[in-house]
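Reviewing the structure listed below.
We did not get these values from a lab; they are worked out from the coordinates using the rules stated. Owing to the predicted nature of the structure, the values given are computational and were not obtained by experimental measurement. Every residue, glycine among them, receives a Cβ derived from its backbone with ideal geometry; neighbour counts consider all protein chains shown.
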Amino acid sequence: MEHSIIINPATGEEIAKYKRLTTAEAKDKIAVSNTAYTNWKLKTYEERAVLMHKLAAILDENKEEYAQLATREMGKVIGQSRKEIEKCALICRYYADKTKELLADKMVKTEATKSYVTFQPIGVILAVMPWNFPFYQVIRFAVPALMAGNTGVLKHASNVQGCALALEGAFIKAGFPVGAFSNLNVDSKHVKDIIEDKNIVAVTLTGSDPAGRSVASIAGQNLKKTVMELGGSDAYIVLDDANLEQATDLATLGRLQNNGQTCIAAKRFVVLDTIYDEFLALYSQKMKAAIMGEPTDEASYYGPMARADLRDELHEQVLKTVAQGGKLVLGGEIPNRKGAYYPATILADLKPGMEGFDNELFGPVASVIRAKDDADAVALANNSQYGLGSGVLTTNNERGEKIALQLEAGSSFVNKLVVSDPRLPFGGVKNSGYGRELAAYGIQEFVNTKTIWID
Ligand code: NAP
């Protein structure tokens, strides 16, 4: 019998194990989800909203328990885990209150007596989700999908199965029908069988681009729609008029929050030549001062990475970048302590062709890149296989906006780290994926956008 084994990344100790489902058991749960769909799709938005508000209340009431669970399973510092649960409740309330408006019929004037576009649910959606925001990523998919009248099945990352079960329990406790939202603890090698199940109508994946390629190609073979939220190597351009105190504070938070493991985190800092040395000196001081510690300790600025194998892979990327001529300014050594810790690290003078420039560094490692002028900075920022988030730091908003419009990314923020906000669409271009989550754009991904014509 197979199990997913949960290791606390702060200690390296096994804390739980959960039995995996066989493919046949998973298919049974999908059939239940499809049965639930036949009734759920007939509910009104108001009826669904009542349950969604209950789910928000359950998330609020159990915030501490859920936050401690996330921290235990993937190492996020506890304050950030609490914020994650709060954001989940916010998403529930946003879609509970807004879905009727977001999915309202759109009348279109034609030669018909009456013609309009209506948005109808499509069935059971499969979500393959990552561990880095173990509650939020799931909620960001499930809440709009269910409010639109679909049902959902979750294949969560193996190392956060406790969070997956807690979420399944929360939906049940809120009064959602059995099968409206179900957890499938399956090995990723069985995801193909799940996608091919006749009751699965579409797939959304948040994770790395190799996982995205695999899942999207299987779904493509089966003509099932996909949304892909993949990796990123977000560039932040630091212009020569930037407030360097503010810029280095943002750069420190950007690289260390969630222990450096956020898809939309600032990863490559493209700094104009005239302020490059000053930026680097101040940034090094701040990254060095940030406290790495137990994730349950409120004083810790950042904790361990989620898994030791991911920490070891990141270290290999750092060594490779240095061997390619990158300058190690800070960190870069695996500490002599238990757990999957990696110190705040800065790699400077990076150029295209180096590992730290070309690929995603998913941990507390910053890439610093020198640019001659604004045009060179834009070219370096866009010289990437990814295009998820991006940013510009400047005291001149007009100059910042002009540059933001030239960046090849799903979002560009001026003087702020990229955040996901339910009122605005979220997603990427290039190898960061396709499709959008959140706002009207997200909820309209998994519906039948249907034309009605009355002659
Ligand atoms: P991952 O290894 O790709 O895993 C993500 C999910 O996909 C997990 O549930 C994993 O299951 C599953 N999976 C992996 N390979 C698969 C395959 N070949 N077929 C089917 N399922 C497969 O990514 P991760 O390490 O958890 O997360 C880090 C990556 O996600 C980073 O690149 C990050 O930038 C990206 N990310 C993107 C967003 C966004 O919104 N764009 C948000 C968060 C993270 P197992 O755990 O069982 O392997």
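Based on the Cβ-Cβ distance of ILE15 and LEU328, what FRET efficiency does E = 1/(1 + (r/R0)^6) give at R0 = 51 Å, to the nearest 0.05? If you can, show how the numbers build up before the last one.
Details: r = 34 Å, r/R0 = 0.66.
The pair ILE15/LEU328 has a calculated efficiency of 0.90.
Across the range 370-380, rounded Karplus estimates of 3J(HN,Hα) from the backbone phi angles (6.51 cos²θ - 1.76 cosθ + 1.60, θ = phi - 60°) give 8, 10, 6, 7, 4, 5, 5, 4, 5, 5, 5 Hz, Gly and Pro being marked x. A full extension of the chain between ASP193 and GLU298 corresponds to an added length of 33.5 nm, given 0.36 nm per residue minus the alpha carbon distance. With semi-axes defined as the square roots of five times the eigenvalues of the C-alpha gyration tensor, the equivalent ellipsoid of the chain measures 38, 27, 19 Å, largest first.
Report the extension gain between ASP97 and HIS53 in nm, rounded to one decimal, defined as 0.36 nm multiplied by the number of residues separating them, less their alpha carbon distance.
On the way: separation 44, 0.36 × 44 = 15.84 nm, distance 0.89 nm.
The span from ASP97 to HIS53 would gain 14.9 nm if fully extended.
List the GluC sites (Glu not before Pro) within the range 66-120 that DSSP assigns to loop and that have no more than 13 neighbouring Cβ atoms inside 10 Å.
Qualifying residues, ordered by number: GLU111.
Against the longest principal axis of the chain, how steep is helix 45-61, in degrees 0 to 90 to the nearest 10, with axes from Cα atoms? The angle comes out at about 40 degrees. Phi-derived couplings, Karplus 6.51 cos²θ - 1.76 cosθ + 1.60 at θ = phi - 60°, listed residue by residue for the range 79-88: x, 6, 5, 4, 4, 4, 5, 4, 5, 4 Hz, with x used for Gly and Pro. Residues whose amide H comes within less than 5 Å of that of ALA16, counting only those at least five positions distant or on another chain, are ILE6 (H built at 1.01 Å from N in the peptide plane). Here the contact order of the range 351-455, divided by its residue count and restricted to Cα pairs under 8 Å and six or more residues apart, works out to 19 percent.
In the structure displayed, which of LYS189/LYS430; LYS224/LYS450; LYS87/LYS192; LYS76/LYS351; LYS41/LYS450; LYS63/LYS416 lie more than 21 Å apart, Cα to Cα?
Check vs 21 Å cut-off fails for LYS189/LYS430; LYS87/LYS192; LYS76/LYS351; LYS63/LYS416.
For VAL414, the amide hydrogen comes within under 5 Å of the amide hydrogens of VAL392, counting only partners 5 or more places away or on other chains and with H modelled in the peptide plane.
Wrap a convex hull around the Cα atoms of the range 234-414, take a quarter of its surface area, and give that in square nanometres.
9.5 nm²
Database remark: amide H of THR204 closer than 5 angstrom to the amide H of LEU126, ALA127, VAL128, VAL227 (H placed geometrically; neighbours at sequence offset of 5 or more, or on other chains; Pro and chain starts carry no H).
Suppose we keep just the DSSP beta bridges with both residues in the chain; what percent of those would be antiparallel, to 5?
40 percent
Computed from Cα atoms, the angle from the helix 308-323 axis to the main principal axis of the chain rounds to 40 degrees. Fully extending the segment from THR35 to ASN222, taken as 0.36 nm per residue of separation minus the present Cα-Cα distance, adds 65.2 nm.
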